[in-house]
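Input: a single structure, listed below in structure tokens.
The values are calculated or read from the model by the stated rules, or taken from the named source; none is laboratory data. This is a predicted model, so every value here is computed, not measured. Using ideal geometry, Cβ is built from the backbone for each residue, glycine included, and neighbour counts are taken over all protein chains shown.
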Amino acid sequence: QLATNNFCEENILGRGGFGEVFKANLDVKTVVAVKKLQVHHARSKDEFENEVKLITHIHHRNLLRLLGWSSEGSDLLLVLEYMPNGSLDQFLWGAKRGTLNWNQRSEIIFGIARGLAHLHNEFHVKIIHRDIKSSNILLTDDFKPKIADFGLARFQPEDQSHVNTKFAGTLGYTAPEYALQGHLSDKVDTYSFGVVILEIISGRRSTDVNRSSSDYLLEHAWKLYEKKIHKKCIDETLDLKQYEQEHVMNIIEIALLCTQSPVSKRPTM
Ligand code: ADP
Ligand code: MG
Ligand code: MG
């Protein structure tokens, strides 16, 4: 029931590897996002089926809902809930950079953590997203985050020795053990989440930072933290309020806990 006039240039919300995402009207009241994949890409069909299969049964406020799909005709369509504020990357180094305050940033980090915890813990078999990055985190009108883009998600393999899943993901966000040894577990998402946390704190894209391990990541995060506080002392104009300092502190603590402890030891958020 989607009118084809929805799919025009001015309604484009984003472009990805195999297609475009459009803003569309289901009816007078309901606005949705429609992800359109070209059927002639073999990988695009795989990703489509995967995205449908995995997310139909998932209901969580920090995971983007799939409302419907269609695979008739020459296009594959995913109907998704519409996220008015688009993706997180735009707020970090894109057009809207510098506009998120510390309160919003830490709420975003908490929200992503909740969404990931749901994927990793709520099902009989863990679901691994495999492509956690700032452009796959979407924001509601009040800046609540939802994890999107389940095209690469997989169930955790039972036996690591049989893993021969071809490497997939995004350079700069991928855990070294997965990129180098193909070892796939939920820690792969946790690592990428750590990179996203660093991006949220620093406002810089991960590929700008040369990093070889999660230790380096955390060390870097600490340095940023100290620099912010230090800068406050020498530059009154920066004016980090007490509560903002606490938020930054929280963020670093979460980053530490999430990237170093097993899921069971993480604090409940
Ligand atoms: P791909 O698999 O091609 O990366 P995504 O699902 O990540 O596709 O979507 C690409 C971009 O389109 C996102 O980074 C975001 O900017 C935009 N987008 C995707 N889904 C939505 C949505 N539901 N609401 C608003 N914008 C969206
Ligand atoms: Mg994406
Ligand atoms: Mg994708």
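Quick notes on this one:
- Considering (1) within 16 Å of ligand 3 (Cβ to nearest atom); (2) of a type in the set (Gly, Ala, Ser); (3) over 20 Å from residue 14 (Cα atoms), the lone condition that residue 98 does not fulfil carries the number (1).
- Qualifying residue in the range 100-118 (condition: part of a loop (DSSP other than H, G, I, E, B), at pLDDT below 95 and not acidic (Asp, Glu)): yes
- Residues in the range 1-51 that are in contact (Cβ under 8 Å) with a residue 12 or more places away in the chain and within 17 Å of residue 140 (Cα to Cα): 10 in all.
- Within the range 131-145, residues that are closer than 12 Å to residue 61 by Cα sit with their Cβ atoms under 7 Å from residues that are of a type in the set (Val, Ile, Thr) and more than 9 Å from ligand 1 (Cβ to nearest atom), at 6+ positions apart or across chains, in these pairs: 145/108; 145/112.
- Of the residues in the range 165-178, at least one is of a type in the set (A, V, I, L, M), crowded, with 21+ Cβ neighbours inside 10 Å and either within 15 Å of the chain's Cα centre (by Cα) or farther than 30 Å from residue 27 by Cβ (or both).
- Check on residue 100, out of contact with any Cys (no Cβ under 7 Å at 6 or more places or on another chain) and within 14 Å of ligand 1 (Cβ to nearest atom): no
- Residue within the range 183-192 that is under 25 Å from residue 35 (Cα atoms), within 16 Å of ligand 2 (Cβ to nearest atom) and either surrounded by fewer than 16 Cβ atoms within 10 Å (Cβ to Cβ) or modelled with pLDDT under 90 (or both) present: yes
- First in the range 147-160 and among the aromatic types (Phe, Trp, Tyr), second anywhere and at pLDDT below 90 and within 12 Å of ligand 2 (Cβ to nearest atom), Cβ under 8 Å, 6 or more apart: 150/51
- Leading residue by the ranking (nearest to residue 192 (Cα to Cα)) among those in the range 140-152 that are within 16 Å of ligand 2 (Cβ to nearest atom) and either buried (at least 22 other Cβ atoms within 10 Å of the Cβ) or β-branched (Val, Ile, Thr) (or both): 147
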